[in-house]
Amino acid sequence: MSIMEIFQIINVKNHSLIKSCLVISLVTVTTLITKVLRKKNKIRQKGNAQQYISDKITSIPLIVITGCDTGLGYSIVMRYLNGEHFNKNQKKSKIHDLLFFNNKVLIVPSRIAIVAFCLNPNSPGAKYLHQLSLKNNNIKLFVRQLDLTDTDSIKTGVNFINDLLQQNIDIIDSHDKTVCLKYELHALVNNAARMVMAEYEWQTSKMIKQQFEVNILGPIMLTGMLLPIFRKDKSRVINVISHCAYLPLPGVSVYGATKAAVRAWTIGSRVELENHGVKMITFSPGSFYLHSSIMNGEQRTIDFKDMCDNMNKEQLAYYGAYMQIYQNYLSTIDAYINPPEITIPSTNKIYCLMDNALWAVQPKAEYNVPEPWRYRIYFAVAWTLSSLGLHYFKDKVVRQFVATPQFHNIAENVK
């Protein structure tokens, strides 16, 4: 017997009351179904977690991270070396659990091996990582050189990983017995990046080529060479992107193009590889440029000189004064950029989401660290205007958000 028939029998004529009861009934049923599904999902996740542990009992997970000289890569490795896997500041809220309850099961083994690829193994960051690793028995760290613009360097890095996976590791367990383990490739984090903050016309062909090689072509090659191992070990690939992949900005148009390419490659290859047990994940880390060398003043000065040296007379006459003011504006940031040995603050949500991307039994396809409110408002407005085809107004919003010196103002001053 339906609810409406019951109301007819008891002669309820108030239609508002009937509608209210129907809504309450629907909400109640939906809530009960949700609770049942969550309970079943939790049981299934626990079962998967136990199976995951049993599968890993004879191996040590190996994580490969590129770009560990400074910034995100350096901070992630430092966090593991310092034993800050579960920072108390990273507790999730009930709302977070409600939205992402299917990703709550994280299995972080007590023993982990990390290959930290650095562009310069003699950099202060690389040296400090190596020194700190000597004091840690649970984290085996290998600091190696990797140049993503050099095919031979990539091949050397892949050969090193293959050699590690062939090794037998003898450890002493809690019962003072020697146990023979092997490394298993758990994850690759394509984090290394090159960014030239300058207008597209100013940049040399070498700079443009470097950005594409480091940000997209190199990671594609590195990942491709490791795919046979990924399929065997059911690994995951975490590709670090940027908010520029979603909404490019002036001054970093080439960099934004490379990150948009990384996102497109990840989304497409995720469907290709999911049947083979390989997880392809995008990770947008939010804003942490003050803890990264990506806007390094020394490199920016070198780039600026190269750009000027490669311009013709017409370009120098047209852009010269504007370029100088532009570079002077960017140099004001240098005083706020932290030294390489300073890591991203532990309160940053970047670590919580990276833990999830690395260790969740069923990780999400995309992770986006929350941006500051100023950027969120800008993104919402610019995206809405673009969707409505109001590109003139959207470009005005972009220009106000970036707040770099504008050419027409400088041209008038020079004139």
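Pairs meeting the criteria (first residue in the range 122-151 and touching a residue at least 60 places away in the same chain (Cβ under 8 Å) and closer than 14 Å to I76 by Cα, second residue of a type in the set (D, E) and surrounded by fewer than 14 Cβ atoms within 10 Å (Cβ to Cβ), beta carbons under 9 Å, at least 6 apart or on different chains) are G125/E341; Y128/E341. For the range 230-246, the set of residues classified as out of contact with any helix residue (DSSP H, G or I) (no Cβ under 6 Å at 6 or more places or on another chain) and either more than 21 Å from D150 (Cβ to Cβ) or of a type in the set (S, T, N, Q) (or both) consists of F230, K232, D233, K234, S235, R236, H243, Y246, listed by residue number. On inspection, I281 qualifies as within 17 Å of A193 (Cβ to Cβ) and either at pLDDT below 90 or outside any loop (DSSP other than H, G, I, E, B) (or both). Only residues that are under 18 Å from the mean Cα position of the chain (by Cα), assigned to a loop (DSSP other than H, G, I, E, B) and charged (D, E, K, R) were counted across the range 334-389, and they come to 3. Out of all the residues in the range 255-276, which are touching a helix residue (DSSP H, G or I) at 6+ places or on another chain (Cβ under 7 Å) and small (G, A, S)? Listed by number, the residues that qualify are G256, A260, A261.
Restricting attention to the range 221-246, the residues that are assigned to a loop (DSSP other than H, G, I, E, B) and open to solvent by 10 Å² or more (accessible area, probe 1.4 Å) total 3. Restricting the search to helices (runs of 4 or more DSSP H) fully inside the range 79-166 and requiring at least 1 residues that are open to solvent by 90 Å² or more (accessible area, probe 1.4 Å), of a type in the set (S, T, N, Q) and modelled with pLDDT of 85 or more gives 124-133, 151-166.
Taking the criterion of being surrounded by 14 or more Cβ atoms within 10 Å (Cβ to Cβ) and charged (D, E, K, R), the residues of the range 300-358 that qualify are R300, D303, D306, K349, D355. Among the residues that make up the range 188-198, is at least one of them part of a helix (DSSP H, G or I) and among the small types (G, A, S)? Within the range 188-198, none of the residues are part of a helix (DSSP H, G or I) and among the small types (G, A, S).
Which one is surrounded by the fewest Cβ atoms within 10 Å (Cβ to Cβ) among residues in the range 249-266 that are assigned to a loop (DSSP other than H, G, I, E, B) and either modelled with pLDDT of 95 or more or not β-branched (V, I, T) (or both)? If you could, list the steps in order and put the result at the bottom.
Here is the first cut: in the range 249-266, the ones assigned to a loop (DSSP other than H, G, I, E, B) are 249-252.
After this cut, where a residue has to be either modelled with pLDDT of 95 or more or not β-branched (V, I, T) (or both) as well, the list is 249-251.
Numbers: L249: 19, P250: 14, G251: 19.
If we take residues in the range 249-266 being assigned to a loop (DSSP other than H, G, I, E, B) and either modelled with pLDDT of 95 or more or not β-branched (V, I, T) (or both), then P250 is surrounded by the fewest Cβ atoms within 10 Å (Cβ to Cβ).
The values are calculated or read from the model by the stated rules, or taken from the named source; none is laboratory data. The structure presented is a predicted model; accordingly, all values stated were derived computationally and were not measured. Cβ coordinates were reconstructed from backbone atoms using ideal geometry, including for glycine residues, and neighbour counts include every protein chain displayed. When the accessible area is computed, the model is the full protein with side chains, heavy atoms only, and any ligands, DNA or RNA have been set aside. Shrake-Rupley method; radii C 1.70, N 1.55, O 1.52, S 1.80 Å.
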